[in-house]
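Before any comments, here is the structure.
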Amino acid sequence: MAGKPSIAIVGPGRLGSALARALTRAAYAVTEIVSNSGATARRRATKLARTSGARACTLGKAPLDADVIWFCVPDREIANVAAKLSRSASWTDKMAFHSSGALASDELESLRLRGAAVASVHPLMTFVSGSKPPLHGVPFALEGDVAAVRAARRIVGDLKAKPFLIRKQDKPAYHAWGAFVSPLVIALLATAEQVARTAGVSTNEARKRMLPILKQTLENYATVGAAGALSGPLVRGDAEIVNKHLEVLQKIPEAREVYWALARATMRYLPVGNRKQLETILKTGTSAR
């Protein structure tokens, strides 16, 4: 693969679509968009293929003549889809990637046994309907066979993203880290909306009114780190206010549990004032009164 390898995308979902667009912009030849035989998947594949200059194929009819086959299917389907495709083409001298954050390259073992070099290549980014985040500057975790990782590093670099190596045994923790910085943040914000309702603020208004402080909090974190960005009653050591929070949150048990857990994490990882009294209040997760 002296030049840029040709690439086939298996799975025309949000991630596969983002990769196909980015690869095309980086002057890679995306030759195939492979989907299952369902009508919705075929429509997505046809649309994506049209914008990528590729051909749309279904799993049973894909030529798979690209140099790199990149699996962008749900985690639970990677091994099964790979096993199915292992019998559909010659895999000698090919590369196979998957983009699971939690699973190792061994999910592609059936292709490795057929002669492919395999790797897991995961972007630390969120992809949701209605959003098209650029991959420029996005970290990509790489793990797998030496040749496949070398090829992935080059491709990711051409996308202006930031590849880094990860050990296969560290992938579950890596993916849990990703969960904390995106989906669980959304869960936290959804919980905050419920607390706002208790304060008489509708969900829609809460979302609008939270945005300025959210944006400033992220800016503070980016500029001065977690310790410098911490504000509120815990850093001030205002145990009485924390006590009041716990009391009012009895109306929302789930939110109270989240508050207690995050307050305990704050006590463990960040500087706080009046630590002894705060520890007394938070020891059992109940009000001191």
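Here are the numbers for this structure:
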{"quantity": "Hits in segment 77-91 (condition: without any contact (Cβ under 8 Å) to a residue 60 or more places away in the chain and not small (Gly, Ala, Ser))", "calculated": "GLU77, ILE78, ASN80, LYS84, ARG87, TRP91"}
{"quantity": "Pair list, Cβ < 8 Å and 6+ apart or interchain, from segment 178-206 residues that are over 30 Å from PRO139 (Cα atoms) to residues that are hydroxyl-bearing (Ser, Thr, Tyr) and part of a helix (DSSP H, G or I)", "calculated": "GLU193/THR203; ALA196/THR203; ARG197/THR203"}
{"quantity": "Any hit, segment 207-225, residues being among the aliphatic types (A, V, I, L, M) and either touching a Cys at 6+ places or on another chain (Cβ under 9 Å) or under 16 Å from MET267 (Cα atoms) (or both)", "calculated": "no"}
{"quantity": "Segment 244-279: number of residues that are within 31 Å of the chain's Cα centre (by Cα) and in a helix (DSSP H, G or I)", "calculated": "18"}
{"quantity": "In segment 229-243, residue surrounded by the fewest Cβ atoms within 10 Å (Cβ to Cβ) [restricted to those that are touching a helix residue (DSSP H, G or I) at 6+ places or on another chain (Cβ under 7 Å) and part of a helix (DSSP H, G or I)]", "calculated": "ILE241"}
{"quantity": "Total residues in segment 63-90, condition among the polar types (S, T, N, Q) and either assigned to a helix (DSSP H, G or I) or within 17 Å of SER120 (Cβ to Cβ) (or both)", "calculated": "2"}
{"quantity": "Filter result for ALA152 (among the small types (Gly, Ala, Ser) and either outside the structural domain of PRO12 (by TED's automatic domain parsing) or buried (at least 21 other Cβ atoms within 10 Å of the Cβ) (or both))", "calculated": "yes"}
{"quantity": "Count of segment 20-34 residues which are touching a strand residue (DSSP E or B) at 6+ places or on another chain (Cβ under 6 Å) and surrounded by 20 or more Cβ atoms within 10 Å (Cβ to Cβ)", "calculated": "8"}
{"quantity": "Selection within segment 199-220 - assigned to a helix (DSSP H, G or I) and aliphatic (A, V, I, L, M)", "calculated": "ALA206, MET210, LEU211, ILE213, LEU214, LEU218"}
{"quantity": "Segment 109-136, residues that are of a type in the set (Val, Ile, Thr) and either in contact (Cβ under 8 Å) with a residue 60 or more places away in the chain or surrounded by fewer than 16 Cβ atoms within 10 Å (Cβ to Cβ) (or both)", "calculated": "THR126, VAL128"}
{"quantity": "Hits in segment 1-53 - residues which are over 23 Å from GLU77 (Cα atoms) and part of a loop (DSSP other than H, G, I, E, B)", "calculated": "MET1, ALA2, GLY3, LYS4, PRO5, SER6, ALA26, ALA27, TYR28, ALA29, GLY53"}
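The values are calculated or read from the model by the stated rules, or taken from the named source; none is laboratory data. All figures in this text were calculated on a predicted structure; none of them were measured in a lab. Every residue, glycine among them, receives a Cβ derived from its backbone with ideal geometry; neighbour counts consider all protein chains shown.
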